[in-house]
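The values are calculated or read from the model by the stated rules, or taken from the named source; none is laboratory data. Small disclaimer: the values here were computed from a predicted structure and weren't measured. No Cβ is skipped: glycine too gets one built from the backbone with ideal geometry, and neighbour counts run over all protein chains shown. These accessible areas exclude ligands, DNA and RNA; they are computed on the full protein's heavy atoms, side chains included. Shrake-Rupley method; radii C 1.70, N 1.55, O 1.52, S 1.80 Å.
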Amino acid sequence: MVLLGGASACDVWWQVTSSATIDTTASLNGNLLALTSITLNSGASVSGRTLARNGQVALNNNVVTACPVGAIPPINGAP
């Protein structure tokens with residue numbers, strides 16, 4: 001994904017209905033919400049956040065550039 005026109009990774013939200021894996025050396029822009037768990041394989045990077053509801057977020061030699069505090073998703077489509 002390429003962010004254009006001043007878009008910020010902190011404004012992008014991905015929702016997964018089970019578990020998610022970001023593969024080796026892959027890069028994710030945005031915030032990842034998973035119902036179960038999230039695994040970042042060795043060398044994967046995230047510009048945003050990784051949030052797992054019922055399981056763990058497993059990191060292995062990763063770079064995570066977090067969003068500033070206060071960046072939250074809209075609720076029920078409201079801005």
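If you take the residues of the stretch 37-68 that are aliphatic (A, V, I, L, M) and under 17 Å from SER18 (Cα atoms), which of them is farthest from the chain's Cα centre (by Cα)?
Restricting attention to the stretch 37-68, the residues satisfying the condition of being aliphatic (A, V, I, L, M) are 38, 40, 44, 46, 51-52, 57-59, 63-64, 66.
After this cut, where a residue has to be under 17 Å from SER18 (Cα atoms) as well, the list is 38, 40, 51-52, 57-58.
Working: ILE38: 9, LEU40: 10, LEU51: 7, ALA52: 10, VAL57: 11, ALA58: 13 Å.
Here the residue is ALA58.
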Note down all Cβ pairs under 7 Å where the first residue falls in the stretch 49-64 and is touching a residue at least 12 places away in the same chain (Cβ under 8 Å), the second is open to solvent by 40 Å² or more (accessible area, probe 1.4 Å) and not in a loop (DSSP other than H, G, I, E, B), and they're at least six residues apart or on different chains. THR50/VAL57; LEU51/LEU33; ALA58/THR39
Restricted to the stretch 27-73 and to residues being open to solvent by 80 Å² or more (accessible area, probe 1.4 Å), part of a loop (DSSP other than H, G, I, E, B) and under 21 Å from MET1 (Cβ atoms), the residue modelled with the highest pLDDT is PRO68
Would you check which residues across the stretch 1-26 are assigned to a loop (DSSP other than H, G, I, E, B) and modelled with pLDDT under 90 and list them? MET1, VAL2, LEU3, LEU4, GLY5, GLY6, ALA7, SER8
